[in-house]
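One structure is given here, and the rest of the page talks about it.
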Amino acid sequence: MDRYCVIGNPVEHSRSPWIHARFAALTGQALEYGRRLAPLGGFAATVDSFRAEAAAAGDRAGGCNVTVPFKFDAAAMAQSLSGRARLAQAVNTLRFEPDGRIHGDNTDGVGLVNDIERNAGVPLAGRDLLLIGAGGAAAGVLGPLLDTGLRRLVVANRTVDKAVALVRRHSAQALGHSTALEAWALDAVPGSFDVVVNATASSLAGDAVPVPASVLRPGALAVDMMYGRAAAGFMDWASAHGAVPRDGLGMLVEQAAEAFALWRGVRPPSAQVLAELRTLVDAA
């Protein structure tokens with residue numbers, strides 16, 4: 001049996017085991033997927049113990065998903081990185097190679113783009129997008145967002161120097177797509193946008209939305225990377241100001257589909273699984 005897991009702290013709330021179980025059932029793949037709570041400072045030891053336990057049982061550890069706060073630890077642990085993970089400097093998917101090496105990837109950005117364009121039906125080429133935050137979540141999605149051919153992308157952060165550093169790292173990519181890439185402080189963002197993506201934990205912490213409503217164009221798509229109750233504050237704000245709210249459940253499923261394909265070489269039916277998961281979450 002091939003074993004996989006999601007590692008985080010906290011991790012008990014994660015929907016990843018359910019998602020990957022459905023992917024496996026629908027694609028005829030035999031695997032086991034669980035959760036692992038890693039102590040702070042103990043990410044590498046948790047990965048090692050997961051692999052050792054699988055080997056002791058005669059199974060193969062195939063890989064793991066990585067959630068907060070360990071995406072930078074995962075990048076440091078990997079012996080090889082995909083281009084998008086190298087640019088993000090953060091990893092959310094580890095694949096354990098047959099020779100024992102660890103390969104790191106970041107599927108968050110592709111997951112977000114696929115959810116916006118496929119599931120929400122909003123093409124990003126030629127549009128203006130505001131990305132709120134400059135931490136690991138924002139770093140993971142910036143590259144794939146640029147690849148869509150946006151006209152303008154603004155990264156806004158409380159500490160503007162952090163946004164500037166993230167923009168500089170992606171400047172060549174933005175130039176290659178003729179995308180205007182800018183960094184601004186949260187209270188100084190100029191103009192309005194077709195799409196606004198909240199990559200901060202403001203909703204989770206119950207804080208007010210960190211940008212003014214003037215950033216929203218009429219009918220703009222407003223996406224919070226959180227989902228369920230954690231995204232409620234941002235989504236209520238978006239609705240109250242004439243935007244179309246969307247939580248991060250679709251991104252969660254789509255980034256998981258990308259990881260599943262990386263591990264198994266099979267593309268799962270993400271739209272079906274998202275519809276099923278949405279029903280479960282709405283009923284909870």
Task: Within segment 216-234, considering residues that are surrounded by fewer than 22 Cβ atoms within 10 Å (Cβ to Cβ) and out of contact with any helix residue (DSSP H, G or I) (no Cβ under 6 Å at 6 or more places or on another chain), the one nearest to Met1 (Cα to Cα) - done: Arg229
TODO: Tell me which of these Trp184 doesn't satisfy, since it passes every other one: (1) touching a residue at least 40 places away in the same chain (Cβ under 8 Å); (2) under 14 Å from Leu129 (Cα atoms); (3) not in a loop (DSSP other than H, G, I, E, B).
DONE: (1)
- [ ] Would you mind stating whether Gly191 is surrounded by fewer than 18 Cβ atoms within 10 Å (Cβ to Cβ), part of a strand (DSSP E or B) and more than 21 Å from the chain's Cα centre (by Cα)?
- [x] no
Open item on the list: What's the total number of residues in segment 90-122 that are assigned to a loop (DSSP other than H, G, I, E, B), free of Cβ contacts under 8 Å to residues at least 60 places away in the same chain and of a type outside the set (Asp, Glu)?
Closed with: 7
Open item on the list: Looking only at residues that are crowded, with 16+ Cβ neighbours inside 10 Å and of a type in the set (D, E, K, R) in segment 23-58, which one is farthest from Ile7 (Cα to Cα)?
Closed with: Glu32
Task: Subset of segment 253-268 [among the aliphatic types (A, V, I, L, M) and in a helix (DSSP H, G or I)] - done: Val253, Ala256, Ala257, Ala259, Ala261, Leu262
Open item on the list: Contact list please: Cβ distance under 7 Å, first residue in segment 239-258 and over 18 Å from Ala199 (Cα atoms), second residue crowded, with 19+ Cβ neighbours inside 10 Å and of a type in the set (Asp, Glu), pairs at least six apart or on different chains.
Closed with: none
Open item on the list: So the check is Cβ under 7 Å with 6+ separation or different chains; which pairs have a first residue in segment 161-179 that's in a loop (DSSP other than H, G, I, E, B) and a second one that's basic (Lys, Arg)?
Closed with: Thr179/Arg151; Thr179/Arg152
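Where a number appears in this text, it was derived from the coordinates with a stated rule and is not lab data. Computed from a predicted structure; not experimentally measured. Heads up, the Cβs are rebuilt from the backbone with ideal geometry, glycines too, and the neighbour counts pull from every protein chain shown.
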